[in-house]
Amino acid sequence: MEGFQISKNIWEQVDEYFIEKLIPTDSTLDHALQTNKEYAIPEIDVSPTQGKLLYLLAKIKGAKNILEIGTLGGYSSIWLARSLPENGKLYTLEVDPEHAEVARYNIQYANCSNQVEVIVGEALDTLPIFKEKSISFDFIFIDADKQNNPQYLEWALALSNSGAVIVSDNVVRDGNIVDSSTNDDRVVGVQEFMDLLKQEPRIESTAIQTVGSKGYDGFVISRVK
């Protein structure tokens, strides 16, 4: 355990180093995090380096339509919205009405309201709206309840344009992803999600383990064929 603690301290120091060098101080994003804290929203947002990774991936893709499953307080939503062209749109889904209200405030404060729509409700209930309206996406970020990750993947595939990028967060879970005897339904959800990726011919994927201020976790990054 002592070795782990030393490593974790180093992870955090390296994160701070990268943030200082690569991510300029941003009062708007800092304000969003502070607002989230004031409203007791769980501090489980992506880190600044991860937020910029999402921004860059969406920017490199040239995404015009982005779907985010799991808004929380809107921190990652702001990163993604900033990647959009002037005529782009981000739809973000949040189950908790109070979190959604805070997210709307943060998004408005960041001057992103014109390009972002926060939709409240269970994601599995609201996702069919996009199918009904024939709305499809170039970039999808999955970061909600892990139990439903397999269903979210099915919906992501159904709503993706050819060549779309799908990013899924929290797939390592402190290494518990390899525990075949786990009773944690969040881990089981991610394991089932990984099994689907393995057998799904419409998508190609890789996984990246991450360490830093958010601990030990990781992303799956996928491209729809």
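The values are calculated or read from the model by the stated rules, or taken from the named source; none is laboratory data. Not measured: the values here are computed from a predicted model. Using ideal geometry, Cβ is built from the backbone for each residue, glycine included, and neighbour counts are taken over all protein chains shown. For the accessible areas, the whole protein counts, side chains as well, though only heavy atoms, and no ligand, DNA or RNA atoms are used. Shrake-Rupley method; radii C 1.70, N 1.55, O 1.52, S 1.80 Å.
Some points to look at:
- Leading residue by the ranking (nearest to Arg223 (Cα to Cα)) among those in segment 18-72 that are out of contact with any strand residue (DSSP E or B) (no Cβ under 9 Å at 6 or more places or on another chain) and among the small types (Gly, Ala, Ser): Gly51
- Per the listing Glu117, Glu101, the residue uniquely open to solvent by 60 Å² or more (accessible area, probe 1.4 Å), more than 22 Å from Leu53 (Cα to Cα), of a type in the set (Asp, Glu) and within 19 Å of the chain's Cα centre (by Cα) is Glu101.
- Test: residue in segment 84-96 that is in a helix (DSSP H, G or I) and either over 22 Å from Asp184 (Cα atoms) or out of contact with any strand residue (DSSP E or B) (no Cβ under 6 Å at 6 or more places or on another chain) (or both): no
- Within segment 120-142, considering residues that are open to solvent by less than 30 Å² (accessible area, probe 1.4 Å) and either in a loop (DSSP other than H, G, I, E, B) or modelled with pLDDT under 95 (or both), the one farthest from Val220 (Cα to Cα): Gly121
- All positions within segment 48-75 that are among the basic types (Lys, Arg) and assigned to a helix (DSSP H, G or I): Lys52, Lys59, Lys61
- Residue satisfying all of: in segment 178-197; of a type in the set (A, V, I, L, M) and touching a residue at least 40 places away in the same chain (Cβ under 8 Å); surrounded by the most Cβ atoms within 10 Å (Cβ to Cβ) among these: Val190
- Of all residues making up segment 55-75, the number that are more than 20 Å from Ile135 (Cβ to Cβ) and either crowded, with 20+ Cβ neighbours inside 10 Å or of a type in the set (D, E, K, R) (or both): 5
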